[in-house]
Amino acid sequence: MTSKLQVTVPKAIADLYRIKPGDEIAWVPGGDTIRVIPRKARLPEKSAAASLRLFDDATKRQQKRAEGVAPSTGPRGWAREDLYRRGRAR
């Protein structure tokens with residue numbers, strides 16, 4: 001990111017998506033991420049049904065990930081307060 005808030009697209013990505021100098025790109029917020037989409041590409045649907053479908057898909061993916069994680073059963077060895085004191089003089 002430059003001081004003028006300009007971003008350089010890596011050559012490999014520009015080649016893959018056929019982005020050339022002068023092409024416009026769209027910046028689409030997506031939760032904790034930002035999607036960069038060439039303007040010639042079709043932008044995601046914005047209907048309520050599409051949003052719900054995306055939410056349901058994400059929920060299913062999260063549930064699958066959680067199935068493989070065993071719940072914590074013992075003490076962590078640290079307390080939340082330790083996080084606030086870390087790096088500070090006592």
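The values are calculated or read from the model by the stated rules, or taken from the named source; none is laboratory data. None of the values given here were measured: they were computed from a predicted structure. Note that each Cβ is placed from the backbone with ideal geometry, even for glycine, and that neighbours are counted across all protein chains shown.
For the stretch 38-83, what are the residues that are at pLDDT below 85 and of a type in the set (Val, Ile, Thr)? Result: Val69, Thr73.
For beta carbons closer than 8 Å, sequence separation of 6+ or different chains, a first residue in the stretch 6-18 that is farther than 16 Å from Arg35 by Cα and a second that is part of a helix (DSSP H, G or I), there are no qualifying pairs.
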